[in-house]
Amino acid sequence: MADPIRDPAERVAASDVPDPVAPVEDAPGTVAPVEAEPVSAEEQARLARRRFFRQFAGELIQTAATVAGAAQALQRASAEAAGAILDPAGAALRGEAAEDDDAAAARAEAARPIGFRTPFREDRGLLLLIDQRRLPDELVEVEVRNAPEAANAIRQMIVRGAPAIGQVAAIGLALSAERAADTLPFARRAILRASASSLRSARPTAVNLNWAVDRMMARYEAVGDLSDDGVMIATALRDEANAIVAEATEDHGRLAEFGLAALPVKDFGPLRILTHCNTGPLACGQFGTALGIVQAAHHTERDIAVWVDETRHYLQGARLPAWELEQAGVPHTLIADVAAGSLMRGGEVDVVLVGADRVAANGDTANKIGTYPLAVLAARHGIPFFVCAPTSSIDLAAADGDSIEIEERAPEEVLEVRGVRIAPAGTTVRNPAFDITPADLITGIVTEEGVIRGPFGDGLRDAVAASVARHGAARGATGDGGPISPGSGDASLVPDSGDAPRPLDTAVPG
């Protein structure tokens, strides 16, 4: 069977779901096709959404072009996706004949917030973020005009997921620079420095946030922070933000290929994958890290099934990956977090895939609270446990997990479930948002440079150095957590797919 990830022709064929009704003109010597059964507006909308998901996801796995080209392609695709999910049935029926009253009523009944897209898009000078707190019940976009508004959106978890918030922070700074283009140099510098500080403090655990802000401010300093040319500064920061988005696109695609090759192979039955929190497009800005691997497996027609942890207490797992996996057509089952151990004991879990908000230099990993117990359980039952994270999530300046600041969030997230109180008034709460998984419980760390096996120190340094070399001066200027010197432990960086992923296409499809 051809691999649609590596074979573009096969990818397109595999991803294209036929239209439920496809009129064909009779040709001489042919038999007229049997008329298809009528298909409801809801079914047409569902098929259109699924077709878009598969085509967009397949293209992202294969496509990262020039920095500007990839970022522009993402924005075009994201805008198209936004239209499909903000009016899903309407998007499916566009181009059809005018509806009668019954069809219009059916379309209105079918229209509900459902679909796939990146968590952000830009339109007419605004950054539009899906309010992830309100999914899956309703899809609402929040307007962001500048970096302080981006910081607030990150802090309030309107947008979440380490890779996504790094990209949103970068775009927010670019928007602030554009709005300050006509401001006096000293005032502009004060605005951008204050904006950067606000962004850095929005979510302290996710390293991608600081990484992106530091990189943007390094570009600002490099072009001249007190330059009179505000337009030049705004253009430079916009280019840097576009580069961050485009590089993430390429990196996450490479990560998906390496992770796909690392998945266990079963002789029969579906590969049962357990995930925690959300690592899909909404969390990453492209097609996901751990769920990107799941998506890649689905595209190659691997027989898979996903256990989706609900992820207390904010319920990101229940609300977000289940929403995304439904659109991808991936079999999945939602479970309570505390059910994972019983499933493992019963032999119903084959591999655990999780993301990471920060990976320390020794491989200790900070991720959504509840990850550490899963790692302990997986070790107890001999189940592979993979952390899936781009090198932008690696913090070489943090020696180990004890060096990582763990964010403590509001008590209401534990006392209430979606606004409904579940504990007595006056109850004391401890609400750490993340926990640390020790490196010795991790089977491998999947990055865009390969699958790193323990001991992780040299492999992590090599992976970061390889990423810097591949992306060139843009990343090297910011240091990625400090001065980088390649380690000597090449054996710990294992590209499980044999060779590195082939170079991605140099042209983005329109």
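The values are calculated or read from the model by the stated rules, or taken from the named source; none is laboratory data. All values reported here derive from a predicted model rather than from experimental measurement. Cβ: placed from backbone, ideal geometry, glycine included. Neighbour counts: every protein chain shown. We work out accessible area using only protein heavy atoms, side chains counted, and drop any ligands, DNA or RNA first. Shrake-Rupley method; radii C 1.70, N 1.55, O 1.52, S 1.80 Å.
Here is a yes/no grid of residues against (1) more than 20 Å from the chain's Cα centre (by Cα); (2) basic (K, R); (3) not in a helix (DSSP H, G or I):
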| position | (1), (2), (3) |
| --- | --- |
| D182 | yes, no, yes |
| A187 | yes, no, no |
| I191 | yes, no, no |
| A196 | yes, no, no |
| L199 | no, no, no |
| N210 | no, no, no |
| D214 | yes, no, no |
| M217 | yes, no, no |
| L237 | yes, no, no |
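The set of residues in the range 166-207 that are touching a residue at least 60 places away in the same chain (Cβ under 8 Å), open to solvent by less than 20 Å² (accessible area, probe 1.4 Å) and over 20 Å from V142 (Cβ atoms) comprises A177, T205, V207. For the range 447-468, the candidate set comprises residues that are touching a helix residue (DSSP H, G or I) at 6+ places or on another chain (Cβ under 7 Å) and part of a helix (DSSP H, G or I); within that set, the residue that is most open to solvent (accessible area, probe 1.4 Å) is D458. Scanning the range 124-135 for residues that are open to solvent by less than 50 Å² (accessible area, probe 1.4 Å) and in a loop (DSSP other than H, G, I, E, B), we see that the one that is nearest to A196 (Cα to Cα) is G125. For the range 264-351, the strands (runs of 3 or more DSSP E) that sit wholly inside it and include 3 or more residues that are over 26 Å from T249 (Cα atoms) and open to solvent by 10 Å² or more (accessible area, probe 1.4 Å) are 332-335.
Among the residues of the range 352-383, just one is in a helix (DSSP H, G or I), open to solvent by less than 40 Å² (accessible area, probe 1.4 Å) and over 30 Å from W211 (Cα atoms), namely A378. Here the condition is being in contact with a strand residue (DSSP E or B) (Cβ under 8 Å, 6 or more places away or on another chain) and farther than 24 Å from I394 by Cβ; of L175, L226, L184, L192, it holds for L175 alone. Against the numbered list (1) assigned to a helix (DSSP H, G or I); (2) of a type outside the set (V, I, T); (3) at pLDDT 90 or above; (4) open to solvent by 20 Å² or more (accessible area, probe 1.4 Å), E250 comes up short only at (3).
Test of understanding: among A103, A170, A164, A151, which residue is outside any loop (DSSP other than H, G, I, E, B), modelled with pLDDT of 90 or more and more than 28 Å from E412 (Cβ to Cβ)? It would help to see each step written out before you state the result.
Numbers: A103 fails: modelled with pLDDT of 90 or more; A164 fails: more than 28 Å from E412 (Cβ to Cβ); A151 fails: more than 28 Å from E412 (Cβ to Cβ).
Unique residue meeting the criteria: A170.
Considering (1) in contact with a Lys or Arg (Cβ under 8 Å, 6 or more places away or on another chain); (2) at pLDDT below 95, say which one P204 fails and leave the rest. Failed condition: (1). Restricting the range 398-446 to residues that are farther than 30 Å from R254 by Cα and assigned to a strand (DSSP E or B), which is least open to solvent (accessible area, probe 1.4 Å)? For the range 398-446, the residue satisfying everything is P432.
Residue pairs whose Cβ atoms lie under 9 Å apart, sitting 6 or more positions apart in sequence or on different chains, and linking a residue in the range 140-165 that is without any contact (Cβ under 8 Å) to a residue 40 or more places away in the chain to a partner that is in a helix (DSSP H, G or I) and among the β-branched types (V, I, T), are V144/V168; V144/I171; A153/I165; A153/V168.
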